[in-house]
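Here the structure is laid out as structure tokens; the discussion comes afterwards.
Derivation of every value follows stated rules applied to the coordinates shown; laboratory data play no part. On a predicted model such as this, the values are computed, not experimentally measured, just so you know. In this analysis, Cβ positions are derived from the backbone assuming ideal geometry, glycine residues included, and neighbour counts consider all displayed protein chains.
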């Protein structure tokens, strides 16, 4: 699906306190987020694509608020982080729409049915035209072989 079957991915699930610490350390943003993606690709024979770190606390709040299973919310956050690692971005409305459509396609294939529309609630603000998507931390450009994080998903403050 993402043409990276030969790559490895590290996935870590943490609580809000740890993701808050990582968010501030690597993005300079205080407060928790739902998921961070670190591109760890390097030149040469490495198989490591990157690391996705998910806040279980934030995912649980989102799942309860949206009336979806925690497993489905975790799947969305994992897919969202993976999409960042393979080059998708969501800093403007058009790019975010493309990214969220791709996430829907992947979740539909993996789960064998489309995810409920409410799973994506709050990811694209209807009043926006070309403004950035939500109040997300800005992410540095993708850099090979570095811990270049991306803060993704819904803002925990909206939970």
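Just one of (1) surrounded by fewer than 20 Cβ atoms within 10 Å (Cβ to Cβ); (2) without any contact (Cβ under 8 Å) to a residue 60 or more places away in the chain trips up residue 86, so point out which.
All conditions pass for residue 86, except number (2).
If you go through segment 60-74, how many residues are at negative phi and in contact (Cβ under 8 Å) with a residue 40 or more places away in the chain?
8
Can you tell me which of (1) buried (at least 19 other Cβ atoms within 10 Å of the Cβ); (2) touching a residue at least 40 places away in the same chain (Cβ under 8 Å) is the one residue 48 doesn't meet?
(1)
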